[in-house]
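Asker: Starting off with a structure, shown below.
The values are calculated or read from the model by the stated rules, or taken from the named source; none is laboratory data. None of these values were measured; they are calculated from a predicted model. Here Cβ is always computed from backbone atoms with ideal geometry, including for glycine, and neighbour counts include all displayed protein chains. Ligands, DNA and RNA are stripped out before the accessible areas are found, and what is left, the full protein with its side chains, is counted by its heavy atoms. Shrake-Rupley method; radii C 1.70, N 1.55, O 1.52, S 1.80 Å.
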Amino acid sequence: MTLNEYIGALKGKRIAVVGIGVSNLPLIRLLAKSGCDVTACDKQSAQALGSVYDELSALGVRFCLGPAYIDRLDYDVVFRTPGLHPDKLKNAVRPDTLVTSEMEAFFALCPCRTVAITGSDGKTTTSTVIAKLLEAEGYTVHLGGNIGKPLLCEIPEFDSEDIAVLELSSFQLHSMRCRPDIAVITNLSPNHLDVHPSFEDYTDAKKNIFLSQTGECRLVLNHDNSYTRACADEAAAQVTWFSRVSVPENGYSFRDGAIYRGDERLVEAEKILLPGLHNIENYMAAFAATEGLVSAETCRKIAAEFGGVSHRIELIRTLRGVRYYNDSIASSPTRTLAGLRSFDSKLILIAGGHDKFVPFDELAREITLRVKALFLVGETAEKIRDAVLAVPEYDSASLPIRIFDDFRETVLAASAAAGEGDTVILSPACSSFDRFKNFAERGNTFRKIVEELK
């Protein structure tokens, strides 16, 4: 079925699109311009939506706005926003309502091969590296999903020989039916428990990336992570492993200072431009996903040239001998932990943000070892502080902790505490939704403050 045929089949149905955000806006525009009966639902007011409200109104879109926007959804088709748990719609929709999403529709209509990546950490870097590898090999690549831009409306431009690379969050995968040709799960650890009622619900959502795969598909799994390792028992696809601590029979390993594909020494670790052992894992996952599509020469070339994703241990500037790094994409404790381990010296850390109800105990222990001054802001500031104070080895003399109400004041205070040779890093260990729209806005705000330092 083509996109035009899909949209044509929706005409005559009452359609609701829940969430007027980045992922759904192109869909709402397409439905409206195609003559569909579409209602946009969002908890924001018309005033808060501003020019977006005016634009959609001019296209004939109806609205259901405010706190009660999902109380009653009497529609034939409902497109769910990724950030809304499907359980919240159970009592709002009719039994015969089709609940779907922009991404689920994309999978149903995509005319080319798909590579889908999920995980608690590393999915953005892994997705980007996979796209870079394929592009360098000469493929036309469409990068989207939870990274880049929504791709559904661009399907008419796709060719059957193209490859779509899709980063998928647990929110997108929840209740979604998809069958990627190649699926990757980088790792699994407690995350987003502010939205998911349990860790089991979170992992069940992630598993949807491979549960519909067949024996002709490939599933790339982290052998070192007990949760991802267990996924192999439920997989119908061919499993390719990657491991930093062992040598899996079928897959990629890290030993003797290099990434190996089976017995082939593929890439020297010292030649990989991105720092940190977590990036070794990201590259092994990317190499496993592109096996048979990308040459060893291309693997070595991209590893040596790719400087990283914006907001991921991104060097902003060096001022008076102090280096400032933006690691705003680190929205979980495990990702911040990996960032801290990427440096040889102790850091000045700025952390805190929206509370996802995940523990900070392991991160707190690492902070006592790898941080010389801790600056906290956001909903989780006191929670992180208390976790650090509870570490038996914590020494207040060697690790001062300060809490601020304002993000800018936090950055300025961290800068004032830094001397020549120090490194200041924003690595929040939390999502940004307490103060910012997303991690990119948080990272860009940090960059602006740092660039304005005199």
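Asker: For region 210-239, which residues satisfy the criterion of being under 16 Å from Arg113 (Cβ atoms), among the hydrophobic types (A, V, I, L, M, F, W, C) and surrounded by fewer than 19 Cβ atoms within 10 Å (Cβ to Cβ)?
Answerer: Cys217
Asker: Something else now. Could you list, ordered by first residue, the pairs with Cβ atoms under 7 Å in which the first is in region 264-279 and aliphatic (A, V, I, L, M) and surrounded by 19 or more Cβ atoms within 10 Å (Cβ to Cβ) and the second is at pLDDT 90 or above and assigned to a strand (DSSP E or B), at least 6 apart or interchain?
Answerer: What qualifies is Val267/Ala258; Val267/Ile259.
Every residue, every condition in (1) of a type outside the set (Gly, Ala, Ser); (2) farther than 17 Å from Asn282 by Cα, yes or no:
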| residue | (1), (2) |
| --- | --- |
| Ser198 | no, yes |
| Asn208 | yes, yes |
| Thr214 | yes, yes |
| Leu221 | yes, no |
| Asn225 | yes, no |
| Ala232 | no, yes |
| Gln238 | yes, yes |
| Val247 | yes, no |
| Tyr252 | yes, no |
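Asker: Another one. Restricted to region 96-121, and to residues that are among the hydroxyl-bearing types (Ser, Thr, Tyr) and touching a residue at least 60 places away in the same chain (Cβ under 8 Å), which residue is nearest to Ser169 (Cα to Cα)?
Answerer: Here the residue is Thr118.
Asker: Which of the numbered conditions does Thr445 fail, given that it passes all the others? Conditions: (1) touching a residue at least 40 places away in the same chain (Cβ under 8 Å); (2) under 25 Å from the mean Cα position of the chain (by Cα); (3) over 22 Å from Phe360 (Cα atoms).
Answerer: The number of the failed condition is (1).
Asker: Let me ask something additional. Out of the residues in region 316-344 meeting the condition of being farther than 24 Å from Thr380 by Cα, at pLDDT 90 or above and not in a strand (DSSP E or B), tell me which one is least open to solvent (accessible area, probe 1.4 Å).
Answerer: This residue is Gly321.
Asker: Across region 21-53, what is the total count of residues that are among the charged types (D, E, K, R) and open to solvent by 60 Å² or more (accessible area, probe 1.4 Å)?
Answerer: Total meeting the criteria: 3.
Asker: Still on this structure, please answer the following. Please find, among Ser175, Ser170, the residue that is surrounded by fewer than 18 Cβ atoms within 10 Å (Cβ to Cβ), farther than 20 Å from Ala9 by Cβ and in contact with a helix residue (DSSP H, G or I) (Cβ under 6 Å, 6 or more places away or on another chain).
Answerer: Ser175
Asker: Quick check on this structure: which one of Ala237, Ala296, Ala230, Ala304 is under 30 Å from Ala108 (Cβ atoms) and in contact (Cβ under 8 Å) with a residue 24 or more places away in the chain?
Answerer: Ala237
Asker: Now for a separate question. Can you name the residue in region 1-20 that is crowded, with 17+ Cβ neighbours inside 10 Å and in contact (Cβ under 8 Å) with a residue 40 or more places away in the chain and is also farthest from Pro67 (Cα to Cα) among such residues?
Answerer: Residue satisfying both the conditions and the ranking: Leu3.
Asker: Any chance you could count how many residues in region 394-437 are free of Cβ contacts under 8 Å to residues at least 60 places away in the same chain, open to solvent by less than 40 Å² (accessible area, probe 1.4 Å) and assigned to a loop (DSSP other than H, G, I, E, B)?
Answerer: 2
Asker: OK, next. Can you name every one of the strands (runs of 3 or more DSSP E) wholly within region 230-311 that holds 1 or more residues which are farther than 25 Å from Asn326 by Cβ and in contact with a Pro (Cβ under 7 Å, 6 or more places away or on another chain)?
Answerer: 238-243
Asker: Within region 371-393, restricting attention to residues that are assigned to a helix (DSSP H, G or I) and among the small types (Gly, Ala, Ser), which residue is farthest from the chain's Cα centre (by Cα)?
Answerer: Result: Ala387.
Asker: Then there is this: Among the residues of region 119-127, are any over 26 Å from Lys33 (Cα atoms), modelled with pLDDT of 95 or more and not in a loop (DSSP other than H, G, I, E, B)?
Answerer: Yes, region 119-127 contains a residue that is over 26 Å from Lys33 (Cα atoms), modelled with pLDDT of 95 or more and not in a loop (DSSP other than H, G, I, E, B).
Asker: Same structure again: Which is closer than 27 Å to His85 by Cα, modelled with pLDDT under 95 and of a type in the set (A, V, I, L, M, F, W, C), of Ala116, Ala205?
Answerer: Ala205
Asker: Turning to a different aspect of this structure: Give, as residue ranges, the strands (runs of 3 or more DSSP E) completely inside region 150-227 that count at least 1 residues that are over 17 Å from the mean Cα position of the chain (by Cα) and among the basic types (Lys, Arg).
Answerer: Of the strands (runs of 3 or more DSSP E) lying wholly inside region 150-227, those with at least 1 residues that are over 17 Å from the mean Cα position of the chain (by Cα) and among the basic types (Lys, Arg) span 218-222.
Asker: Hey, which of the strands (runs of 3 or more DSSP E) in region 2-99, taking only ones fully inside, have at least 1 residues that are closer than 26 Å to Asp204 by Cα and modelled with pLDDT of 95 or more?
Answerer: Of the strands (runs of 3 or more DSSP E) lying wholly inside region 2-99, those with at least 1 residues that are closer than 26 Å to Asp204 by Cα and modelled with pLDDT of 95 or more span 14-18, 77-79.
Asker: List pairs: first residue in region 65-93 and polar (S, T, N, Q), second residue in a strand (DSSP E or B) anywhere in the structure, Cβ distance under 6 angstrom, at least six positions apart or on different chains.
Answerer: Within 6 Å, the pairs are Thr81/Val18.
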